[in-house]
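The values are calculated or read from the model by the stated rules, or taken from the named source; none is laboratory data. Here the structure is a predicted model, which means the values were calculated and not measured. Counting neighbours? That spans all protein chains shown, and the Cβs are built from the backbone with ideal geometry, glycine included. Keep in mind that these areas ignore ligands, DNA and RNA; they rest on the heavy atoms of the full protein, side chains included. Shrake-Rupley method; radii C 1.70, N 1.55, O 1.52, S 1.80 Å.
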Amino acid sequence: LIKSISFGSEAPSNYDRDDNEYIITWKNANYMAKDMIADGGSETSEEYYVKGKVKKVTTSNGNTFIDIGKAYPDKGRVTGVIWKEYAKNFEYSPYFYEGETVYLRGNIYPYDGCANIKLESDSQIIKLVDIDSLDEDFLNY
């Protein structure tokens, strides 16, 4: 079961839920990261689907960073982190997602004042498709 969560203007302080998987916006992921920093937490115990538009993809020392919502160095961003040892698990270049709306799936952890998600395989990146842009033959298949 996937549950959509909306916090409005302020995130609640308690994130205990009954389900194992959740959908949240990139802004709400940052609320959670800021609460974790304040509470001394290191990582969510649940996996989340964090939705946002990919603003920037960068690679440094073999590690790839996918910024959604806002781009580095903005502290309001969410960063999907692909450490170089996991790069071989990705069929498509992460640059393929630049400008696209995606879900990043994983545990959220705070780093450098913003929310991060460690990505170990391409199954953790879900690209959303605009159904209006699909070919009619494809839709009728």
Worksheet item: Among residues other than GLN124 whose Cβ falls under 11 Å from its Cβ, what is the net charge (Lys/Arg +1, Asp/Glu -1)?
Response: -1
Worksheet, complete the sentence: Around ASP67 (Cβ within 13 Å, Cβ-to-Cβ, excluding ASP67; K/R +1, D/E -1) the net charge comes to +2
Discussion item. Give me the percent of accessible area attributable to carbon and sulfur for segment 20-73, probe 1.4 angstrom.
Written reply: 47
Worksheet item: Excluding ligands, DNA and RNA, what is the solvent-accessible area per residue of segment 48-113 at a probe of 1.4 Å, expressed in Å²?
Response: 51
Discussion item. Within 10 Å of each candidate Cβ there may be at most 11 other Cβ atoms; applying that plus a DSSP loop requirement, which GluC sites (Glu not before Pro) in segment 30-91 survive?
Written reply: GLU91
Discussion item. Suppose each label sits 7 Å from its Cα in the direction of the beta carbon; what would the GLU100-SER60 distance come out to in nanometres?
Written reply: 2.5
Discussion item. Around GLY41, under 11 Å between beta carbons, what's the net of Lys plus Arg minus Asp minus Glu among the other residues?
Written reply: -2
Worksheet item: What ³J(HN,Hα) values, in whole Hz, does the Karplus curve 6.51 cos²θ - 1.76 cosθ + 1.60 give for segment 45-60 when θ = phi - 60°, with x put for Gly and Pro?
Response: 7, 10, 7, 10, 9, 9, 9, x, 8, 6, 8, 7, 10, 9, 10, 9
